[in-house]
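First comes the structure, then the notes that go with it.
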Amino acid sequence: MSSLSEASGFFSHPGKKLEDHLLNVARLTAETVRESFGKAADIADPEVIQQVAYLIGLCHDLGKTSAYFQEHLKGKPSSKKSQHALLSALAAYYTVRSYLGKLDLCEDAKVYLLTSSFCLVRQHHGDLRDFLDLMSNDVVNQADLLRDQVSSIHEEEFNKLVQVLGLTHVTLKGMLSWVDDFTESELLSLRSSYRRLRNRLSSDMSYYFLNNLLYSSLLDADKTDVVIGATPMRRSDVWLGDREFDAYRSSLSRTPLSGMRETCYQMAVEHFKELIRAPTLERIYHLNLPTGMGKTLIGLRLANMLRNYLYDYQGVAYRIIYVLPFINILEQNARVIENLLSLRVGSVSQDLMLIHHHLRDLTYTTQEEDYGGNEAELLIEGWNSEFIVTTFVQFFHTLVSNRNSMLRKFNKLGRSVIVLDEIQALPTKHWKLIKEVLTDALYFMDSYAIIMTATKPLVFEVGSEIKAVPEEIPSRYILDAQTYFDESTIGEFAEKLDLDELRYAFIVNTISEAEQLYDKLKERFSAEIGFLSSHVVPKQRLERIDAAKNGRFKVLVSTQIVEAGVDIDFDVVFRDIAPLDSLVQAAGRCNRSGVKENGRVYITRLREQNGHKFATYIYDQILVDITVKLIEGKRISEAEISRVFDNYQRELARRKDLEGYSTELIKALAELRYTGSPSPEEFKVIDQEYPQFDVFVSVDDDAERIFSEYRRIWNIADRFERKHAFDAIKGIFYQYVISVPKNITNLPPVDCGFLYVPLGNLDDFYDPVKGFLTRGKNPIW
């Protein structure tokens, strides 16, 4: 920290000296870069990268020395003149250029580092854009503004500042000459050099990863210093061992499958011991297990083994990041980690294990302190924890993104063991993209991945297979594409059914289909029938899933929301036709515990009265056609499924372009084209084809109280205070929120900016079983 005699009169934020902020951010940026990458030396020596990171941090707010910004801090309204990013970017560029000019560095690395120092600082308050756009003539057009800003700087105070920062080569006169030089010739030269470099980067993503790491480290350092302070939080020093895993396993209830699960567990552990003792560690390992075989626990044990091994041999504490496709299965997997950690430490704080998704509660705890508001948000969004449980959206949008909010945690992907569960849930068009980006990122960031699935996509052939399944494994079900496979309407199908004392699950493709089937079954059978779809508010959805787990429903009608990772078990499952991977996931809900000698999974082909098949509303026809071709007229045991699935993928690769989109997006990443088409800006790991609105539904008194609190928050004048107040209730608020199509005719009224169904009008919009009542809808709803 600067002493009073050294201090300039400049501030970065209210009450915070500018020199303190710049020195702190410079140090934190460099430290984060040093701790987070493995192979950036392929571009330049690590020391060079770290020093550039330091200089970027040192200059990122240097434009705040203008009188216009300092007056803004004292209360004057913001204006174009008080903006600081472009002037700071100019300072970063010439400071980095001065440093690189003393080095013997290859031209490509020099061009990249100069370009990134300018562009990253220019965009450190926004999302990343195409670098060529950031170096457009827009910069030239702001030359007069830049000169005005420099001229407004108090020279004596500025000289004190640069002395403290160690930037003794920087003077106000020199900065004026930078403006002239950059806008008259240097920008054009840099743009031309960068364009030539970009033309050579069609497949090498190293620059993309380094760029994201520098940007992420700068963002993290900047926000951390402002909100938490200059000293980073001490990482939790807790390690799991055999004792915790053995104790947890011994606490599990015994089922007919317990012996097989134990066999799979021991096989995986013993084989993984051999794999990690090999002369060279693989970056990717594959664990392929049938559903219900304890994949979560086995995957965590293997990830923890690798974490402990890396610490023993490298002295580096790797994080474990556990990634799942959907929010609704996050909690049950996180509970396994929490229970394991509690055997070691008792109470598990969030610096040790963090659950992160967009609906997370805005609270953060350590063993010593509780955080809320800005501090909690910063720590959660920055993945400040040793065990992180998160979603596909959070993980893959951190890997492939241009967004400030997502890329801030990119540095946490460095030196991590990443467990990717249910990888088959990725859309097929992303298979090549994710394989290529993930493989290269693991190498660059010195990280490792364990990919877990019951049906491994063939595109992920890279890496080593973990042997975890005996050659002879009993089949828990037969997938039957004979008995009910003829096309039929819902009414015709229901008439064929004769439900006995067994428990039945019906999994269909659209909400409308589920609602119609539920009505038909209610007409024919007196048993209690459960219903699940995304039009049931999440709070009730979770209650019904728990009820299904506990055997309350003899019959369950559901859309696909129960397929991946939801631990429910029925004697018989009916599944409307879908791509084969979805059928296999649905089959995992049949005789899951192996109580019956053989469960039955019947595949149906349901259609509307007009002949339109429900499956075609949401699935690619080619995927459905390939599935029908492979299974029609057959009864396939669980043991035979993997062979059929391999044939499915080969046929899929032959008939469908799985690489075109991925190839183009990979090229955009390599060329640092963050915006445009295709680009990281438009990447969505999960597509939403139908425009939707969010609706808050007051299904009970608790919901009414939550919405009343939301109204109070809506009227808070200060937008930052309003945001943080809403973040504090966001998790519970969204337990009552569903998404409905925009084109329905019965949208509820807007209350404080949100579509709202009050408890008093609940019957007009919401059925107690089937959820939101959509009218004038697309058949999918």
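The values are calculated or read from the model by the stated rules, or taken from the named source; none is laboratory data. Computed from a prediction, not measured in an experiment: that's the story for all the values here. All Cβ positions, glycine included, derive from the backbone under ideal geometry; neighbour counts span all protein chains shown. These accessible areas exclude ligands, DNA and RNA; they are computed on the full protein's heavy atoms, side chains included. Shrake-Rupley method; radii C 1.70, N 1.55, O 1.52, S 1.80 Å.
Laid out as a table, the results:
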{"read-out": "Single unsatisfied condition, Thr365 versus (1) within 21 Å of Asp567 (Cα to Cα); (2) surrounded by 15 or more Cβ atoms within 10 Å (Cβ to Cβ)", "value": "(1)"}
{"read-out": "Scan of segment 610-627 for residues that are buried (at least 16 other Cβ atoms within 10 Å of the Cβ) and assigned to a helix (DSSP H, G or I), ordered by number", "value": "Phe614, Ala615, Tyr617, Leu623, Val624, Ile626, Thr627"}
{"read-out": "Candidates Leu176, Leu165 - the one that is in contact with a helix residue (DSSP H, G or I) (Cβ under 9 Å, 6 or more places away or on another chain), over 30 Å from Pro680 (Cβ atoms) and surrounded by fewer than 19 Cβ atoms within 10 Å (Cβ to Cβ)", "value": "Leu176"}
{"read-out": "Filter pass, Asn384 being open to solvent by 10 Å² or more (accessible area, probe 1.4 Å), outside any strand (DSSP E or B), of a type outside the set (Asp, Glu) and modelled with pLDDT of 90 or more", "value": "yes"}
{"read-out": "Count of segment 288-304 residues which are under 23 Å from Tyr443 (Cα atoms) and in contact with a helix residue (DSSP H, G or I) (Cβ under 6 Å, 6 or more places away or on another chain)", "value": "2"}
{"read-out": "Residue count, segment 682-702 (criterion: outside any loop (DSSP other than H, G, I, E, B), surrounded by 19 or more Cβ atoms within 10 Å (Cβ to Cβ) and not aromatic (Phe, Trp, Tyr))", "value": "2"}
{"read-out": "Condition broken by Val750, with the remaining ones in (1) hydrophobic (A, V, I, L, M, F, W, C); (2) under 29 Å from the mean Cα position of the chain (by Cα); (3) open to solvent by 80 Å² or more (accessible area, probe 1.4 Å) satisfied", "value": "(2)"}
{"read-out": "Enumeration of residues in segment 254-283 that are buried (at least 16 other Cβ atoms within 10 Å of the Cβ), within 20 Å of Arg415 (Cβ to Cβ) and aliphatic (A, V, I, L, M)", "value": "Leu275, Ile276"}
{"read-out": "Residue match in segment 99-106 (condition: farther than 15 Å from Phe11 by Cα, buried (at least 16 other Cβ atoms within 10 Å of the Cβ), of a type in the set (A, V, I, L, M) and modelled with pLDDT of 95 or more)", "value": "yes"}
{"read-out": "Among the candidates Thr745, Thr675, residue that is among the polar types (S, T, N, Q), more than 25 Å from Leu532 (Cα to Cα) and open to solvent by 10 Å² or more (accessible area, probe 1.4 Å)", "value": "Thr675"}
{"read-out": "Subset of segment 659-672 [touching a residue at least 60 places away in the same chain (Cβ under 8 Å) and either buried (at least 18 other Cβ atoms within 10 Å of the Cβ) or aromatic (Phe, Trp, Tyr) (or both)]", "value": "Tyr661, Ser662, Leu665, Ile666, Leu669, Ala670, Glu671, Leu672"}
{"read-out": "Top-ranked residue in segment 190-218 [being modelled with pLDDT of 95 or more and polar (S, T, N, Q); ranked as surrounded by the fewest Cβ atoms within 10 Å (Cβ to Cβ)]", "value": "Ser192"}
{"read-out": "Flag for Val48 being touching an Asp or Glu at 6+ places or on another chain (Cβ under 7 Å), surrounded by 17 or more Cβ atoms within 10 Å (Cβ to Cβ) and more than 18 Å from Thr168 (Cα to Cα)", "value": "no"}
{"read-out": "Residue ID - surrounded by the fewest Cβ atoms within 10 Å (Cβ to Cβ), chosen from residues in segment 703-736 that are aliphatic (A, V, I, L, M) and in contact with a helix residue (DSSP H, G or I) (Cβ under 8 Å, 6 or more places away or on another chain)", "value": "Ile716"}
{"read-out": "Hits in segment 589-604 - residues which are in a loop (DSSP other than H, G, I, E, B) and buried (at least 24 other Cβ atoms within 10 Å of the Cβ)", "value": "Arg589, Asn591"}
{"read-out": "Selected residue (only one of Leu354, Leu330, Leu379, Leu306 is outside any helix (DSSP H, G or I), closer than 26 Å to Ser216 by Cβ and either touching an Asp or Glu at 6+ places or on another chain (Cβ under 8 Å) or of a type outside the set (S, T, N, Q) (or both))", "value": "Leu354"}
{"read-out": "Some residue of segment 219-233 being more than 30 Å from Gly346 (Cβ to Cβ), open to solvent by 40 Å² or more (accessible area, probe 1.4 Å) and touching a His at 6+ places or on another chain (Cβ under 8 Å)", "value": "yes"}
{"read-out": "Looking only at segment 736-753, and only at residues there that are in a strand (DSSP E or B) and of a type in the set (A, V, I, L, M, F, W, C), the one that is modelled with the lowest pLDDT", "value": "Val740"}
{"read-out": "Subset of segment 274-289 that is closer than 23 Å to Lys435 by Cβ and part of a loop (DSSP other than H, G, I, E, B) - its residue that is nearest to the chain's Cα centre (by Cα)", "value": "Arg283"}
{"read-out": "Unmet requirement for Tyr690, which otherwise passes all of (1) at pLDDT below 90; (2) touching a strand residue (DSSP E or B) at 6+ places or on another chain (Cβ under 7 Å); (3) within 25 Å of Thr291 (Cα to Cα)", "value": "(3)"}
{"read-out": "Single condition Leu128 does not satisfy, out of (1) open to solvent by 20 Å² or more (accessible area, probe 1.4 Å); (2) not in a helix (DSSP H, G or I)", "value": "(1)"}
{"read-out": "Meets criteria (hydrophobic (A, V, I, L, M, F, W, C) and in a loop (DSSP other than H, G, I, E, B)) for Leu300", "value": "no"}
{"read-out": "Subset of segment 320-332 (residues that are crowded, with 21+ Cβ neighbours inside 10 Å and more than 18 Å from Leu287 (Cβ to Cβ))", "value": "Leu330"}
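For (1) open to solvent by less than 10 Å² (accessible area, probe 1.4 Å); (2) in a helix (DSSP H, G or I), each residue gets a yes or a no:
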site	(1), (2)
Ala334	yes, yes
Arg344	no, yes
Val348	no, no
Glu375	no, yes
Val389	yes, no
Phe395	yes, yes
Asn411	yes, yes
Ile418	yes, no
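Table: residues versus (1) touching a Lys or Arg at 6+ places or on another chain (Cβ under 6 Å); (2) in contact (Cβ under 8 Å) with a residue 60 or more places away in the chain; (3) open to solvent by 50 Å² or more (accessible area, probe 1.4 Å).
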site	(1), (2), (3)
Gly9	no, yes, no
His21	no, yes, no
Arg34	no, no, yes
Ile43	no, yes, no
His60	no, yes, no
Gly63	no, yes, no
Ser79	no, no, yes
Ala89	yes, no, no
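Residue-by-condition table, conditions (1) part of a helix (DSSP H, G or I); (2) under 23 Å from Tyr448 (Cβ atoms); (3) at pLDDT 95 or above:
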residue: Glu35; (1), (2), (3): yes, yes, no
residue: Glu47; (1), (2), (3): yes, no, no
residue: Gln51; (1), (2), (3): yes, no, yes
residue: Gly57; (1), (2), (3): yes, no, yes
residue: Lys64; (1), (2), (3): yes, no, yes
residue: Phe69; (1), (2), (3): yes, no, yes
residue: His72; (1), (2), (3): yes, no, yes
